[in-house]
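As structure tokens, the structure follows; a few thoughts come after it.
Each reported figure results from applying straightforward, stated rules to the coordinates on display, with no laboratory input. Given the structure is predicted, the values throughout are model-derived calculations rather than measurements. Virtual Cβ from ideal backbone geometry, glycine too; neighbours counted across all protein chains shown.
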Amino acid sequence: MIVVMQLGATQAQIDAVCKVIRDHGHEPLVLPGEDRLAVGVPDSLGTDERSSIEGQIARLEGVSKVTQTSSPYKLASREFHRIGTKVTVGPATFGGEKFVVIAGPCSVESYDQFRTSAEIVKQNGAKVLRGGAFKPRTSPYSFQGLQLEGLKIIQQVGGETGLTTISEVMAADMVETVAEHVDILQIGARSMQNFPLLIQAGQSRKPVFLKRGPSATIDEFLLAAEYLLNQGNDQVILCERGIMPLDRAYTRNTLDLAAVPVLKEHTHLPVVVDPSHGTGVARYVEPMAKAALVAGADGIMVETHPEPLTALSDAGQALDPAQFGGLMDALRALAPACGTSL
Ligand code: PEP
Ligand code: MN
């Protein structure tokens with residue numbers, strides 16, 4: 001932690017800052033600058049001690065600002081876990097040698113629609129099948145998903161096709177039920193800071209796929225992951241799915257691809273990109289999926305539908321079977337140049 005003093009801060013004000021640090025049992029490091037002075041506080045402080053010192057110092061006269069120099073997350077940080085984490089679920093390993101493709105419809109709509117989707121996903125070589133049963137919809141009048149019936153369809157189709165399955169859980173009290181039916185628990189963007197849900201999912205033994213909130217900073221995203229890790233669940237996969245756009249005239253969200261190298265540097269957890277929600281437009285999915293591969297992502301999640309025109313949710317961004325096949329071919333061709341394969 002660095003305390004920057006105001007221009008012209010008096011010696012008495014500097015001494016007051018040093019006293020707070022000493023009262024907590026640490027030795028301050030006074031750093032004289034050209035025109036103002038800073039005081040360093042050791043980085044080995046616990047979170048509560050750090051915020052207590054920060055709070056006390058920020059109130060003192062002559063203090064300009066207090067900045068943190070170490071990351072607020074620990075278990076998620078690469079600093080303490082140099083080797084990248086691999087999360088293996090069935091035939092897919094996130095963070096391993098291969099680029100993982102998760103594909104399937106936004107919502108499970110019927111057994112036939114989901115089974116057909118699964119076949120298209122499998123024929124094209126993707127390993128993980130997605131499908132929403134509980135849907136976080138902006139309007140209560142929109143299709144809310146088939147819920148429990150949807151989970152049963154996912155479990156059945158997963159069993160029939162041998163594909164690994166993933167579906168969203170929206171509430172803490174549903175974690176157990178969703179975990180009984182699918183292989184990976186998805187925590188949606190809107191739920192990224194639903195702390196009771198994170199705690200419950202952290203106690204589950206299922207891998208968790210955590211999507212970045214539309215307005216979440218990288219630190220907030222990694223602190224949400226910290227909730228899962230802190231409960232003992234070390235099978236956490238991060239997903240960048242686009243953040244609040246400057247305007248929605250062209251894309252639904254702004255896919256923050258720079259988050260990929262940033263996350264790879266600061267955390268050991270695997271990073272996946274969702275170009276479907278990231279753009280909201282089917283024809284932009286392939287370019288952004290390729291960009292995700294080049295940026296160093298460990299995989300992508302894309303929405304596909306046997307007949308996008310009839311989709312009950314996110315129809316505009318769903319890839320039809322030909323578009324999905326084309327995307328898989330394009331990724332297969334590009335992967336070797338990125339040091340990976342599909
Ligand atoms: C989804 O994957 O279907 C979904 C709702 O995504 P997000 O939480 O990123 O909006
Ligand atoms: Mn969707």
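A few remarks follow.
- Gyration tensor verdict on the range 87-338 (Cα atoms; rounded if a/c is under 1.5, prolate if a/b is larger than b/c, oblate otherwise): rounded
- Each residue of the range 66-79 was assigned a 3J(HN,Hα) from its phi angle through the Karplus expression (A = 6.51, B = -1.76, C = 1.60, θ = phi - 60°), giving 10, 10, 8, 10, 10, 6, x, 9, 10, 5, 7, 6, 6, 4 Hz with x at Gly and Pro.
- Candidates per GluC sites (Glu not before Pro) in the range 77-162, loop by DSSP, up to 14 other Cβ within 10 Å: Glu97
- Relative contact order of the range 2-67: 48 percent, from C-alpha pairs under 8 Å at least 6 residues apart in sequence.
- By average C-beta atoms within 10 angstrom, highest first, the peptides 239-245, 64-70, 29-35, 129-135: 129-135, 239-245, 64-70, 29-35
- Gaussian network model of the chain, springs between alpha carbon atoms under 10 Å - residue of Thr279, Thr93, Thr217 with greatest fluctuation: Thr217
- Mean ellipticity per residue at 222 nm, deg cm²/dmol - from DSSP H runs of n ≥ 4 across the chain, formula -39500 (n - 2.57): -11000 deg cm²/dmol
- Remark: relative contact order (the chain) = 16 percent; criterion is Cα-Cα distance under 8 angstrom and separation of 6 or more residues.
- Here is the tail figure for the range 2-67: Cα pairs spaced more than 18 Å apart come to 25 percent of all pairs.
- Computed from Cα atoms, the angle from the helix 321-334 axis to the main principal axis of the chain rounds to 50 degrees.
- Among Ile83, Ile154, Ile300: highest mean-square fluctuation, GNM of the chain, C-alpha pairs under 10 Å: Ile83
- Nonlocal Lys pairs with alpha-carbon distance under 23 Å, the range 87-338 (8 or more apart, or different chains): 23
- For Val302, the amide hydrogen comes within under 5 Å of the amide hydrogens of Ile102, Ala103, Gly104, counting only partners 5 or more places away or on other chains and with H modelled in the peptide plane.
- Taking every DSSP bridge with both residues inside the chain, close to 35 percent are antiparallel.
- Rounded tilt (10° steps) of 218-230 against the dominant C-alpha axis of the chain: 80
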